[in-house]
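The next block holds one structure in the form of structure tokens; read it before the comments.
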Protein chains: 2
Amino acid sequence: MRPGIDVECREVGLRDGLQIQQVFFATEGKIAWLTAEAAAGMPEIEVCSFVPPKLLPQFADNQEVVAAALAIDGAFISALAPNLKGAQNAFKAGIHKLNYVTSVSESHNMANVRRTVDESVADFERIVAARNEASGDTLLAVGLSTALGCTIEGPVALDAVLKLAERFVAAGADEISVADTVGYANPVQVKEMFNAVIGEFGGRVAVAAHFHDTRGLGLANVFAALEAGCTRFDASLAGLGGCPFAPHATGNIVMDDLVFLLEGAGLKTGVDLDALVKIRDIITANLPDEPLNGMYAKAGPPKGFVPASKAA
Amino acid sequence: MRPGIDVECREVGLRDGLQIQQVFFATEGKIAWLTAEAAAGMPEIEVCSFVPPKLLPQFADNQEVVAAALAIDGAFISALAPNLKGAQNAFKAGIHKLNYVTSVSESHNMANVRRTVDESVADFERIVAARNEASGDTLLAVGLSTALGCTIEGPVALDAVLKLAERFVAAGADEISVADTVGYANPVQVKEMFNAVIGEFGGRVAVAAHFHDTRGLGLANVFAALEAGCTRFDASLAGLGGCPFAPHATGNIVMDDLVFLLEGAGLKTGVDLDALVKIRDIITANLPDEPLNGMYAKAGPPKGFVPASKAA
């Protein structure tokens, strides 16, 4: 945790938000977005995915984007890599943190990254070794997808999440992110999950939450995780991301609404909410046909609202 | 609380949702809506407001709507009245529960119902007397608007809410509804508020929550109130209501998403979620230009989802 803040937000719009975008988001637009968000005080920005350009042309410019991001004084920059090859490229680029993903459910992991969960764990062990050789100080975060339910297998047992988390922690993960990428989670389930994960691993690694708002419960799940002691949250500016199987449904939770929730709750995020909302214009300029999500940006602040970060 | 359920939802779309609608929602449409929702198991339906037709033409058919609602076997029907005259008409119509509203903040009460808070309390005392004379068994609920913040005065003190609630409970209210009609509330504030209100009055009257989703925190606030022990929630099917000062912003929280949250959390509402979602078509048929809110209806249930009311 950075000094002076209570909750650490991570902007994932440039990666999770853009990866399903058919329209290429111009490189200078990406750099303008991440530069503005770093200036607004965002503690961590995930700027791209290290995947072959023919697989995801959206990230063909990842070298240029990462270089620009790393040039920003004080910014903390992460990127996703789905495998060792991507991780090696990410280490070479010099990112501060690598985000790696595995599904808790076997069939989803096979569909998503075409390998068994065992193979994903083994690949992570190779990534740890590569990190130790290449750049000893790059942090390694592991996102556990389908931790709160799977589109193929349905409900996922809490115990399966704990067991898989244990394997990654033992292998050397610095952070475990419990992810509901399909918007299945319920706040009661979330509170139980984070109580268990933080109880088990909170003293050893950082624990983060990654929620989608597909069924409207994203911010309720944030509050539930907060109640369980979670202090790290992913979100996407303007909720960029959508959801391929649910037209018009939000993907990631909306960063601007998340910061409004936290700052209103007296929790310092270090993020300037007014400045954050203005960055939505950069998305509009680069993706003019993309409808933006987010209620705070439409309604404005409550009368007399003082964000925690600006309170005396 | 009805037997067999854990949380009691109240549909307010026919009143709070329609009151700002410029288009007249056809009487037979209103009756179709409330009939279908009663059949889906909704524990309480607020069907109209007893106000002069020249003030709110939308409710010119309130006699007919109430008569049709009361003819439904097992339905529990309420209506809003802003003053003694409206309450007398409501009692004459035979409703089961009367919903009366006062703002905690003086200037908002003056703007909304053109009287001081003292005058509102005095009028409620006359309403209690009229109820005792007219129909001893009509329940009286009092909604405390601006309890979590005011568009004119800004932040509202918790103590002011408790003091005003005390006056209404002493005057004979059966239910106190803590209302955030402007979507200002934050879940941390909500939990503190409901802990205090339920702690003070929970043993004497029913305590309900009325949230709007204007800034995206409506369902997070529901979970916060649940955590404090609140088991009564207002919502509007498809979030009908909008917000006059924030175009495209949701008004009331979405009933379908609320029921999804509760049933997913293992709390029985007695409401059939599939049947509820289908009733959205009645709104579309009667208000074809009105965009409907609600994420669950767009995304559908999670794979393997079993609502608490249908669990073995």
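The values are calculated or read from the model by the stated rules, or taken from the named source; none is laboratory data. Predicted model, so just to flag it, every value in this text is computed and none were measured. Cβ placement follows ideal geometry from the backbone for every residue including glycine, while neighbour counts extend to all protein chains displayed.
I'm trying to understand the selection: among the residues of segment A:258-309, which are under 22 Å from A:I45 (Cα atoms) and of a type in the set (D, E, K, R)?
A:E263, A:K268, A:D272, A:D274, A:K278, A:R280, A:D281, A:E290
If a residue counts only when it is under 20 Å from the mean Cα position of the chain (by Cα), which helices (runs of 4 or more DSSP H) contained entirely in segment A:256-312 have at least 1 such residues?
A:273-278, A:280-286
Of all residues in segment B:11-35, count the ones that are surrounded by fewer than 24 Cβ atoms within 10 Å (Cβ to Cβ), within 19 Å of B:D274 (Cα to Cα) and either free of Cβ contacts under 8 Å to residues at least 60 places away in the same chain or in contact with a Lys or Arg (Cβ under 8 Å, 6 or more places away or on another chain) (or both).
Within segment B:11-35, residues that are surrounded by fewer than 24 Cβ atoms within 10 Å (Cβ to Cβ), within 19 Å of B:D274 (Cα to Cα) and either free of Cβ contacts under 8 Å to residues at least 60 places away in the same chain or in contact with a Lys or Arg (Cβ under 8 Å, 6 or more places away or on another chain) (or both) number 1.
Of (1) free of Cβ contacts under 8 Å to residues at least 12 places away in the same chain; (2) in contact with a Phe, Trp or Tyr (Cβ under 9 Å, 6 or more places away or on another chain); (3) of a type in the set (A, V, I, L, M, F, W, C), A:L140 satisfies all except one. Which?
(1)
Go over the candidates A:A111, A:A79, A:A90, A:A69 one by one and state the one that is outside any loop (DSSP other than H, G, I, E, B) and surrounded by fewer than 24 Cβ atoms within 10 Å (Cβ to Cβ).
Going through A:A111, A:A79, A:A90, A:A69 in turn, just one is outside any loop (DSSP other than H, G, I, E, B) and surrounded by fewer than 24 Cβ atoms within 10 Å (Cβ to Cβ): A:A111.
When only residues in segment B:286-308 that are more than 14 Å from every other protein chain (Cβ to nearest Cβ) and either out of contact with any Gly (no Cβ under 7 Å at 6 or more places or on another chain) or at pLDDT below 95 (or both) count, which is surrounded by the most Cβ atoms within 10 Å (Cβ to Cβ)?
By that ranking, first place goes to B:L287.
What's the number of the only condition in (1) in contact with a Phe, Trp or Tyr (Cβ under 8 Å, 6 or more places away or on another chain); (2) under 30 Å from A:V169 (Cβ atoms); (3) in a helix (DSSP H, G or I) that A:Q58 fails to meet?
(2)
Of the residues B:I152, B:I176, which single one is under 20 Å from B:V101 (Cβ atoms) and modelled with pLDDT under 95?
Just a single option satisfies the conditions, and that option is B:I152.
Assuming B:M193 fulfils every condition listed in (1) over 20 Å from A:L267 (Cβ atoms); (2) part of a helix (DSSP H, G or I); (3) in contact with a strand residue (DSSP E or B) (Cβ under 7 Å, 6 or more places away or on another chain); (4) away from chain A (no Cβ under 12 Å) apart from one, which condition is it?
(1) is the only condition that B:M193 fails.
So A:G264 clears everything in (1) of a type outside the set (A, V, I, L, M, F, W, C); (2) surrounded by fewer than 22 Cβ atoms within 10 Å (Cβ to Cβ); (3) within 11 Å of another protein chain (Cβ to nearest Cβ) except one condition, right? Which one?
Exception for A:G264: condition (2).
How many of the residues in segment B:214-250 are modelled with pLDDT under 95 and away from every other protein chain (no Cβ under 11 Å)?
Total meeting the criteria: 4.
Return only the number of the condition from (1) under 30 Å from B:N89 (Cβ atoms); (2) within 14 Å of chain A (Cβ to nearest Cβ); (3) not acidic (D, E); (4) not in a helix (DSSP H, G or I) that B:A208 does not satisfy.
Only one criterion is unmet by B:A208, namely (2).
Mind checking which residues of segment A:162-190 are part of a helix (DSSP H, G or I) and either within 18 Å of A:L140 (Cβ to Cβ) or without any contact (Cβ under 8 Å) to a residue 24 or more places away in the chain (or both)?
Listed by number, the residues that qualify are A:K163, A:L164, A:A165, A:E166, A:R167, A:F168, A:V169, A:A170, A:A171.
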